[in-house]
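S.K.: Input: one structure, supplied below.
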Amino acid sequence: MVNDIIKQEIIKILGDVDFEGHFDKILLNMNENTKNILISWIESCKNKKEPPAQSKKHKELIAFFFKPNMNNIRGILTKKKNSFFIALFLDNHKYYDRERKKLGY
């Protein structure tokens, strides 16, 4: 139930976006402070306050990387260059590294 509320808040900020990785499991185990940091980070990405990274593999793709200092949670927010947000990936460090490499980062 709490995950649905957070997801709706994210959709309100970004529009229709896919939730990837072990998103629900990671979100369920996040403390409230980290959830608030995640939402603030998403808003910063949307408002162009976070620096994007250009994919070496996919020239039309940019990404923002979420790495809170307090735990093993990592995230990747992907966006089509000069267009819409595509997906929000949340997982542990191991799967984050795999996803990052797959996307060309």
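No lab work stands behind these numbers, since they all come straight from the coordinates. Model, not experiment: these values are computed from the prediction. As a convention, Cβ positions derive from the backbone with ideal geometry for all residues, glycine included, and neighbour counts pool all protein chains shown.
S.K.: Looking only at trypsin sites (Lys or Arg not before Pro) in DSSP loops with at most 14 other Cβ atoms within 10 Å, what is the longest site-free stretch of the chain?
M.R.: 1-47
S.K.: Related question: From the backbone phi of the stretch 84-96, what are the Karplus-calculated ³J(HN,Hα) couplings (6.51 cos²θ - 1.76 cosθ + 1.60, θ = phi - 60°) in whole Hz, Gly and Pro given as x?
M.R.: Per residue, the Karplus-derived 3J(HN,Hα) values read 9, 6, 9, 8, 10, 9, 10, 6, 7, 4, 4, 6, 4 Hz.
S.K.: A further question follows. Going through the stretch 26-84, which chymotrypsin sites (Phe, Trp or Tyr not before Pro) have at most 14 other Cβ atoms within 10 Å and a DSSP loop state?
M.R.: Answer in residue order: PHE84.
S.K.: If the reach is capped at under 18 angstrom between alpha carbons, list the lysines near LYS94, excluding any in the same chain fewer than eight residues apart.
M.R.: Leaving aside lysines fewer than 8 places away in the same chain, those within reach of LYS94 are LYS25, LYS67, LYS102.
S.K.: Before anything else, pin down the relative contact order of the chain: Cα pairs under 8 Å, at least 6 apart, normalised by residue count, whole percent.
M.R.: Details: 145 pairs, mean separation 29.9, N = 105.
Once divided by the residue count of the chain, the mean separation gives 28 percent.
S.K.: Which cross-chain or sequence-distant (5 or more) residues have an amide H under 5 Å from the amide H of ALA87, H modelled 1.01 Å from N in plane?
M.R.: So ALA87 has HN proximity to ASP18, THR78.
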